[in-house]
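Trainee: Below are the structure tokens for one structure; questions will follow.
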Amino acid sequence: HGDYRLLLPDDEQVFAYVTDLKRHPDWADKKFDITVDGEPVREGTTFKTVSHYLGHETCNGKVLELQAPRSFVYDCDTSTSGHYVWRMQLTPSGTGTRLDHSFERVPRHHGCHLSQEHLTLLRFFLAG
């Protein structure tokens, strides 16, 4: 979780930088490789990262919200450390742009998946 202020005069320039997924390794706290499925990045774009920081971790990600030039939200389900939603909110601030950058951990659901046949049997038994 962090709060950063970039002193760039153009909100759109800051937004273009933070939404360029291929540039995330340039400023991330740990180095990783990234593959983005499709350009330009938009809501629904998926990506995968591979990090070699203190071991090996992969992330399957998806852009959840992209509202230029104010909001960028993406989901990242990692192989080891959990499932996270990252948010970047941009607001004008004086002669620059303020970037509020935060994340939250999302609980993983470990339920079972039932086939249509299983649901039919369940309905039969519950109906008596």
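Please treat every number below as a calculation from the coordinates, not as lab data. Keep in mind it's a predicted model, so treat the numbers as computed, not measured. Every residue, glycine among them, receives a Cβ derived from its backbone with ideal geometry; neighbour counts consider all protein chains shown.
Trainee: Please give the length that would be gained between Glu39 and Thr78 if that part of the chain were fully extended, namely 0.36 nm times their separation in residues minus their C-alpha to C-alpha distance (nm, one decimal).
Mentor: 11.8 nm
Trainee: Please report the net charge: other residues with Cβ closer than 14 Å to the Cβ of Pro40, K and R +1, D and E -1.
Mentor: Within the 14 Å Cβ shell, the charges total -2.
Trainee: Now for a different question. Test of understanding: extend the Cα→C-beta vector of Glu12 to 7 Å, then name every residue of the range 68-95 with backbone N under 13 Å from that spot.
Mentor: 68-70
Trainee: Check Glu43: other-chain or 5+ apart residues with amide H under 5 Å from its amide H, H built from backbone geometry?
Mentor: Leu66
Trainee: Ok, one more. For the pair Thr95 and Glu57, what calculated FRET efficiency results from E = 1/(1 + (r/R0)^6), where r is the Cβ-Cβ distance and R0 = 30 Å, to the nearest 0.05?
Mentor: 0.20
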